[in-house]
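Chemist: Next up is a structure, given as structure tokens.
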Number of protein chains: 2
Amino acid sequence: MVEKPLILITNDDGVKAPGIRALISYLRPLGRVVVVAPDRPQSGTAHAVTIAHPLRLELITKEPGYEEYSCNGTPADCVKLAFKIVMRRRPDFLFSGINHGTNASINIVYSGTMAAVLEGALAGVPSVGFSLDNYSQRADFGPAGKFVKTIATSVITGGLPEGICLNVNIPDVPEDQIKGIMVCRQAHGTWQEDFDEREDPHGRPYYWMTGVYARIGDDRDTDQWAVENNFVAVVPVQFDLTAYQAIETLRNRF
Amino acid sequence: MVEKPLILITNDDGVKAPGIRALISYLRPLGRVVVVAPDRPQSGTAHAVTIAHPLRLELITKEPGYEEYSCNGTPADCVKLAFKIVMRRRPDFLFSGINHGTNASINIVYSGTMAAVLEGALAGVPSVGFSLDNYSQRADFGPAGKFVKTIATSVITGGLPEGICLNVNIPDVPEDQIKGIMVCRQAHGTWQEDFDEREDPHGRPYYWMTGVYARIGDDRDTDQWAVENNFVAVVPVQFDLTAYQAIETLRNRF
């Protein structure tokens, strides 16, 4: 009998978030599952790593084929600790999410969910991040299930190209309204921040960050368009940020 | 008389770090300078943004042509606050650093210094991050001066291609040993983490993250090679993480 694959699950909304509980339920039938996830919400932590204070792990559940830990660090910390301390090896696959809120377009840059996925890819582990286009704690992760299982099964059986991981964004509509899976590119949107300026009881100003997503273009080959039009968006992602097309231009400058 | 350009300076080592003090001294002759930098070291914060607690700004210095503030947030927070609250406009240019330690190769993914630069680029501001290949607080930023001024002057006079920012890494050698500026690509290295496992006085384990940089290949067109061979490495950087070459392959899978 072939041994079931070893799967690491993590996220950035914390180990108790409904999104990761749904992901665990969808993936447990597919392999031996180890969960190492932050002990509290870590949205917006991006690829932060913890070097200034020590990390701790807490065992939550341990049963045949399933282990679950919480960690006081970031999603990237969770992945590193999982590989080196919890598993003492790299897992066969890494799945992150299901994130509460979209990681399409520029959101990938701020996303702890996708930072965990990039950590997996950097270590050579086929890795996928799942996000649902709904920030609420009461979002319905049910319709996502079919697509999470389809994509995870495809990655487990067929792997991923070397150095490539996937950013999967799922529309927040009933399953029968989802039109299918679309492989596409990252949209070129951005966040337009604003700050809510207030004064504390001692008369000193402070600022709450707010913001709205600003669309740039409306191209049909982007993840933003796909999700808005009820497709599951799958973007292949790599971690080389070089703008190759600019190298020659700049060589003439310096 | 033409008005001098408005320059925003930030970093991730904190407003008191010798690296940003050197950068300020090199750039003040080139424009009106506003500094908004973290009030404490923020290395490894990557592109984290602060949404769970309010941000504060503290005015440190204000004189004609020069203002300096510290902020309790991340480098990305500093840039957003600078644009919306301090300046009430986008600056003409953004420079970040000089970072204590290299941001060549995969380090860009973890770097707060480069996250600030990407924030600038996302807002359409020509932006450059400078890093010195020496982590010490007592590093000598003197030899970097000539190259910082050359590159900043070129960007101020000639701009940068749209959507492109620069990751500049400077070798830690005397100026007469620096062979010149090399425009190149991000090396494909990675970090191999390890954890120093300890036990607290109450018998509970905790973990300090450590790690060594692992070279992948030794190509002469990379930033890693350039810095190791005493060239100033200039990598043009963009924030689209799509692995375009994998889109077609994956379309046949889903």
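Chemist: Is one or more of the residues making up region B:217-234 at pLDDT below 90, under 21 Å from the mean Cα position of the chain (by Cα) and aromatic (F, W, Y)?
Modeler: Filtering region B:217-234 for residues at pLDDT below 90 gives B:217-219.
When the remaining residues are screened for being under 21 Å from the mean Cα position of the chain (by Cα), the result is none.
So far as region B:217-234 goes, no, none of its residues is at pLDDT below 90, under 21 Å from the mean Cα position of the chain (by Cα) and aromatic (F, W, Y).
Chemist: Counting only residues that are assigned to a helix (DSSP H, G or I) and small (G, A, S), which one in region B:222-253 is farthest from the other protein chains (Cβ to nearest Cβ)? Steps first, answer last, please.
Modeler: Step one: list which residues in region B:222-253 are assigned to a helix (DSSP H, G or I), which gives B:223-228, B:244-251.
Narrowing the set further to residues that are small (G, A, S) leaves B:226, B:246.
Working: B:A226: 12, B:A246: 4 Å.
Per the stated criteria, the residue is B:A226.
Chemist: Which number in (1) under 25 Å from A:I24 (Cβ atoms); (2) over 18 Å from the mean Cα position of the chain (by Cα) marks the one condition that A:F195 misses?
Modeler: (1)
Chemist: Can you name every one of the strands (runs of 3 or more DSSP E) wholly within region A:1-99 that holds 1 or more residues which are touching a residue at least 24 places away in the same chain (Cβ under 8 Å) and within 11 Å of chain B (Cβ to nearest Cβ)?
Modeler: Working: elements: A:6-10, A:32-38, A:57-63, A:66-71.
The strands (runs of 3 or more DSSP E) meeting that bar are A:57-63, A:66-71.
The values are calculated or read from the model by the stated rules, or taken from the named source; none is laboratory data. Predicted, not measured: the structure shown is a model, and the values here were computed from it. Virtual Cβ from ideal backbone geometry, glycine too; neighbours counted across all protein chains shown.
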